[in-house]
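The values are calculated or read from the model by the stated rules, or taken from the named source; none is laboratory data. Because the structure is predicted, anything quoted here is derived from the model rather than measured. Positions of Cβ are generated from backbone atoms using ideal geometry, with glycine treated the same way; all protein chains shown enter the neighbour counts. Quick note on the areas: whole protein, heavy atoms, side chains included, nothing else; ligands and nucleic acids left out. Shrake-Rupley method; radii C 1.70, N 1.55, O 1.52, S 1.80 Å.
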Amino acid sequence: RVDVEVEDIALRFFDYELKNAGHIRMSVNRQVLQVDALRLVGEGTELDLAGSVDLPKQALALTANGAANLAVLQGFTPEVRSSGRAEVAARLTGTVEAPVVSGTALLSDGRLRHFGVPHALEALNGIITFTATGVQLDGLSGRLAGAPVRFAGRLGLTGYTLSEYDVSASGTDMRLRFPEG
């Protein structure tokens, strides 16, 4: 058995910096990593992580609770800029190669801007639900091209990658810009 206590750590997740708040306490016993206390903080983020990882099987049993800055999404999709906040209550199971995420995220004043689209999604608010097969968007609303928009449907996930899209957006009185031609 190995017990570890870390006083200070600084992490860089793509362009996003995180550090610990309080001591990090972990242990390894019979090839199982146990995370007892891990609180990460950064701009707009206060996230508590706990649980275990079976190292030989790479099996995950982790929980994440707290608030996360949506800017972290930029690390997964570099062609997107994002901001806002999400109150997260999630569980990560499965394996490192095939993770399964379940839980919810309550978005507050989110913003997503894809470089290939002339309009940003703004004022994103509502609950998104993580399931074993993807992300449910029912109950999410925002603004697009100066008008309110409501979303429904799901985004399919395979591992860490978006694999299918079944999303509808409903809005009126939008001022959409289109390229000439």
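Taking segment 1-23 as the range and being part of a strand (DSSP E or B), modelled with pLDDT under 85 and open to solvent by 100 Å² or more (accessible area, probe 1.4 Å) as the test, only Arg12 passes.
Pairing each residue of segment 1-27 that is without any contact (Cβ under 8 Å) to a residue 12 or more places away in the chain and under 17 Å from Val41 (Cβ atoms) with any residue that is open to solvent by less than 80 Å² (accessible area, probe 1.4 Å) and assigned to a strand (DSSP E or B), provided the two are 6+ apart or on different chains, yields C-beta distances under 8 Å for Ala10/Leu18; Arg12/Leu18. Please determine whether any residue of segment 138-147 is surrounded by fewer than 13 Cβ atoms within 10 Å (Cβ to Cβ), touching a His at 6+ places or on another chain (Cβ under 9 Å) and either of a type in the set (A, V, I, L, M, F, W, C) or in a loop (DSSP other than H, G, I, E, B) (or both). For segment 138-147, residues surrounded by fewer than 13 Cβ atoms within 10 Å (Cβ to Cβ), touching a His at 6+ places or on another chain (Cβ under 9 Å) and either of a type in the set (A, V, I, L, M, F, W, C) or in a loop (DSSP other than H, G, I, E, B) (or both): present.
Inside segment 97-137, can you point out the residues that are closer than 19 Å to Thr158 by Cβ, outside any strand (DSSP E or B) and in contact (Cβ under 8 Å) with a residue 40 or more places away in the chain?
The initial filter retains those residues of segment 97-137 that are closer than 19 Å to Thr158 by Cβ, namely 97-103, 128-137.
Now narrow it down to the ones that are outside any strand (DSSP E or B): 97-98, 132-133, 137.
Answer for segment 97-137, where residues must be closer than 19 Å to Thr158 by Cβ, outside any strand (DSSP E or B) and in contact (Cβ under 8 Å) with a residue 40 or more places away in the chain: Glu97, Ala98.
Between Ser168, Ser163, the distinction of being exposed (fewer than 13 other Cβ atoms within 10 Å of the Cβ) and at pLDDT 90 or above belongs to Ser168 only.
Give the residue that is nearest to Thr95 (Cα to Cα), with candidates limited to residues of segment 48-80 that are among the small types (Gly, Ala, Ser) and either assigned to a helix (DSSP H, G or I) or modelled with pLDDT under 85 (or both). Write out each step before concluding.
Let us first name the residues in segment 48-80 that are among the small types (Gly, Ala, Ser), namely 50-52, 59, 61, 64, 66-68, 71, 75.
Then keep just the ones that are either assigned to a helix (DSSP H, G or I) or modelled with pLDDT under 85 (or both); that gives 71, 75.
Values: Ala71: 25, Gly75: 21 Å.
By that ranking, first place goes to Gly75.
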